[in-house]
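Notes for the one structure printed next.
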Amino acid sequence: MVKAVDGVSFEVAEGETVGIVGESGSGKSVTALSLLRLVPEPGRVVDGRVMFRSADVLKMDHEELREFRGSDVAMIFQDPMSSMNPVLRVGFQIEEAMDAHQRFSHKQAKERIVPMLETVRIPAAAQRAKDYPHQFSGGMRQRAMIAMGLSNEPSLIIADEPTTALDVTVQASIIELLRDLNRERGMAVILITHNLAVVASLCTRVIVMYAGRIVESGPTRQIFKNPQHPYTWSLLRSLPRVDELQHDRLLNIRGLPPDMTNLPAGCKFHPRCRFRVERCFREEPPLEDVDPGQQARCWVLMRNALKDEDHG
Amino acid sequence: MKTTAESLTQPVPTTGESVLVRVQDIVKHFPVGAGLFGGQVVHAVDGVSFEIQAGETLGLVGESGSGKSTLGRVIVQLIPATSGSVFVEGKELTKLHGEKLRRVRQRMQMIFQDPYGSLNPRMTVGDIIGEPLRNFGLGGRRAVERAVQEVMRICGLNPNFVNRYPHEFSGGQRQRIGIARALVLRPTFIVADEPISALDVSIQAQIVNLLEDLQAQFHLTYLFIAHDLSVVRHLSDRIAVMYLGKIVELAPSREIYTKPLHPYTKALLSSIPVPDPDREAQRRPILLKGEIPSPVNPPTGCRFHTRCPIAKFPICAEEEPPLEVKTSGHWAACHFSDRVSAF
């Protein structure tokens, strides 16, 4: 058995924007899928709870779960083509999403198609509603998918790498769209991504995952300015920046992302960590408060590691 | 500051005199829709000229459909140009044949994006890396073995793994294998096409640093092709920006960031998030209207005019702006480059 995600706990407030960051194998996508009980077979959630407002998602019956997935939450994936039916018109698919749930009558659903496409800023919405998904560009398809998700007025959007397959100028417009939806409609956003810059742009809080665990979490500004976990600290120094004014060599993080079938003992990051101490090889650190609102899973913490370095 | 004598058909001059690669008026069209009424063409690259100095890194950026990858392949002669010339060390590649062409080709190599698809899964790593040496008939079996092991060491691969197969390696290690294969012929010029975009974030820096180290060690000249301007900025001395088959701007990389002279470059730069929440709170992306037009039927005049925030009509829709010197070493193809800083 592979534990893709192991003991992950977090909360998202109404209207909050939270980024879940990690590399391949970090468990960030499985975490998101678990929230909706969408973990693909043979995977399953073996323990834990997912509470949405006062309801326990893991205890919902079929009908409750369907309603929860379809109208309380919208999930947006990296590849919108795989989530749309290629032989049905885009407008019809948006209508269908509403018809499948109770929030809007059939008549209301029909009337909402074009406004939904306009909400996600698809030009000539009335005409585009009659197009098929393949007639849309990648960016437009992602918008249509967001429109479908929004049609039942969810209070939470879960976006799993929503811009990864898109060109940078298109990526920028999708991020702006998510930002506006959050601000104007008060929708909470969980953004799952490998891209720390996108998190800095959109999210007020960040959760950093490594090897199926949360290794650090806290307010975005605080985490970016004062990361306490060596993984977060190293990642931030390994990124090239378009606004760099001098050429600093990028920080090398040695080794490879973790092999989930063969995790090391102790801290899961210790084989790659430049600040590890003897204890890290044996004992896995707990996720503990390190600053107000900030938690990290580390025996050393960067404030101590850097202090030691300064002293030689 | 416009120098009117310099027209589009001339290569972009550079400040130094040690030009290694000169690309002149390269055009690459692909036919689409074969058959009786076929005859449409994709204008993948449509008249591109520039020079690369020995030892420099020229970054080539653009979004999908810009033609940057096609251009890279044309330059290393992986695919033939429809028209135009590529000069390497003063020799025109399209005019070379037989042994002379082989000798020049040996000195230019390519690194590909996909470290999974570009390595033959049935060959051992040693055979993959040694293949170019054997193809060029360089050295006997023992000499090839020695060269392979040395280049593996240089690229951060354990030479004891010479008999393993590509699937036994991680993505980052596979990219090192691809780099080792390119390096084994001791080239002077390497075209790297999106060499890090398929890799995990924590692995990207390893490969970027390796490319920098190899450049210093072997005096390599790079054409670094990527859609990610952050890494291009980091690695490149100069950057060329492509849009729909044309270079719209070419300048030293710091200058292109601080003082872009083409509205597309400015929009592109404004779209890139940086891992700094304070900067992000300030950044206002310039969102372009519409989509990138089809390269089958590119817009008239300036190809960017359909999406340009500062286009003026009719000139931008009718007259194609030449790529010309705006300030020293800074080239742009825009009728209104003097207004770019203000919008």
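The values are calculated or read from the model by the stated rules, or taken from the named source; none is laboratory data. Source: prediction; values computed, not measured. Cβ atoms come from the backbone with ideal geometry, glycine included; neighbour counts cover every protein chain shown.
A few remarks follow.
- Being more than 30 Å from A:Leu177 (Cα to Cα) and in a strand (DSSP E or B) is a property that A:Asp248 lacks.
- If you check B:Lys289, B:Lys326 for being charged (D, E, K, R) and in contact with a Leu (Cβ under 7 Å, 6 or more places away or on another chain), only one passes: B:Lys326.
- Residue count for the stretch A:189-213 under the criterion of being in a loop (DSSP other than H, G, I, E, B) and surrounded by fewer than 24 Cβ atoms within 10 Å (Cβ to Cβ): the result is 4.
Matching residues to (1) of a type in the set (Phe, Trp, Tyr); (2) buried (at least 20 other Cβ atoms within 10 Å of the Cβ); (3) more than 13 Å from every other protein chain (Cβ to nearest Cβ); (4) on the phi > 0 side of the Ramachandran plot:
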{"residue": "A:Asp79", "(1), (2), (3), (4)": "no, no, yes, no"}
{"residue": "A:Ser82", "(1), (2), (3), (4)": "no, no, yes, no"}
{"residue": "A:Glu95", "(1), (2), (3), (4)": "no, yes, yes, no"}
{"residue": "A:Glu111", "(1), (2), (3), (4)": "no, no, yes, no"}
{"residue": "A:Gln135", "(1), (2), (3), (4)": "no, no, no, no"}
{"residue": "A:Met145", "(1), (2), (3), (4)": "no, yes, yes, no"}
{"residue": "A:Gly149", "(1), (2), (3), (4)": "no, yes, yes, no"}
{"residue": "A:Pro154", "(1), (2), (3), (4)": "no, yes, yes, no"}
{"residue": "A:Val168", "(1), (2), (3), (4)": "no, yes, no, no"}
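- Matching entry among B:Asn209, B:Asn160 (being within 12 Å of another protein chain (Cβ to nearest Cβ), surrounded by fewer than 19 Cβ atoms within 10 Å (Cβ to Cβ) and of a type outside the set (Gly, Ala, Ser)): B:Asn209
- Consider the stretch A:246-267 and keep the residues that are within 22 Å of the chain's Cα centre (by Cα) and more than 16 Å from B:Gln204 (Cα to Cα). The one that is surrounded by the most Cβ atoms within 10 Å (Cβ to Cβ) is A:Met260.
- The stretch B:177-206 - residue that is of a type in the set (Asp, Glu) and within 26 Å of B:Val241 (Cβ to Cβ) and, of those, farthest from the other protein chains (Cβ to nearest Cβ): B:Asp193
- Evaluation of B:His219 against (1) in contact with a helix residue (DSSP H, G or I) (Cβ under 9 Å, 6 or more places away or on another chain); (2) farther than 22 Å from B:Pro275 by Cβ (one fails), failing number: (1)
- Selection count where residues are under 21 Å from the mean Cα position of the chain (by Cα) and either outside any helix (DSSP H, G or I) or basic (Lys, Arg) (or both), scope the stretch B:152-182: 3
- Count of the stretch B:321-334 residues, restricted to those that are surrounded by fewer than 20 Cβ atoms within 10 Å (Cβ to Cβ), assigned to a loop (DSSP other than H, G, I, E, B) and either modelled with pLDDT of 95 or more or hydrophobic (A, V, I, L, M, F, W, C) (or both), is 1.
- Which listed residue is closer than 30 Å to B:Ser236 by Cα, in contact (Cβ under 8 Å) with a residue 12 or more places away in the chain and more than 9 Å from chain B (Cβ to nearest Cβ), from A:Asn252, A:Asn226: A:Asn226
- Just one of (1) surrounded by fewer than 16 Cβ atoms within 10 Å (Cβ to Cβ); (2) out of contact with any strand residue (DSSP E or B) (no Cβ under 6 Å at 6 or more places or on another chain) fails for B:Val296. It is (2).
- Boolean, B:Leu101 is loosely packed, with under 13 Cβ neighbours inside 10 Å, at pLDDT below 95 and hydrophobic (A, V, I, L, M, F, W, C): no
- Here A:Arg185 clears all of (1) under 20 Å from the mean Cα position of the chain (by Cα); (2) modelled with pLDDT under 95; (3) crowded, with 19+ Cβ neighbours inside 10 Å except the condition numbered (3).
- Considering the stretch B:273-293, the residues that are in contact (Cβ under 8 Å) with a residue 40 or more places away in the chain and buried (at least 19 other Cβ atoms within 10 Å of the Cβ) include one that is farthest from the other protein chains (Cβ to nearest Cβ), namely B:Ile292.
- From the list A:Ala200, A:Ala172, A:Ala188, A:Ala265, the lone residue that is touching a Ser or Thr at 6+ places or on another chain (Cβ under 7 Å) and away from every other protein chain (no Cβ under 13 Å) is A:Ala188.
- Counted residues, the stretch B:120-142 - those being at pLDDT below 90 and assigned to a loop (DSSP other than H, G, I, E, B): 5
- Taking the listed residues B:Tyr264, B:Tyr243, the one that is within 12 Å of chain A (Cβ to nearest Cβ), under 24 Å from B:Gln24 (Cβ atoms), in contact with a Cys (Cβ under 8 Å, 6 or more places away or on another chain) and modelled with pLDDT of 95 or more is B:Tyr264, with no other qualifying.
- B:Val48 part of a strand (DSSP E or B), of a type in the set (Val, Ile, Thr) and modelled with pLDDT of 95 or more: yes
- Residue match in the stretch A:238-245 (condition: loosely packed, with under 15 Cβ neighbours inside 10 Å, within 14 Å of chain B (Cβ to nearest Cβ) and not in a loop (DSSP other than H, G, I, E, B)): no
- Condition check for B:Ser230: among the hydroxyl-bearing types (Ser, Thr, Tyr), surrounded by fewer than 24 Cβ atoms within 10 Å (Cβ to Cβ) and either more than 8 Å from chain A (Cβ to nearest Cβ) or over 25 Å from the mean Cα position of the chain (by Cα) (or both): no
- Test: residue in the stretch B:62-78 that is surrounded by fewer than 17 Cβ atoms within 10 Å (Cβ to Cβ), aliphatic (A, V, I, L, M) and part of a loop (DSSP other than H, G, I, E, B): yes
- Among the residues listed as A:Gly43, A:Gly70, A:Gly48, A:Gly91, the single one being at positive phi and not charged (D, E, K, R): A:Gly48
- Taking the criterion of being among the hydroxyl-bearing types (Ser, Thr, Tyr) and within 14 Å of chain A (Cβ to nearest Cβ), the residues of the stretch B:43-94 that qualify are B:Thr57, B:Ser64, B:Ser66, B:Ser69.
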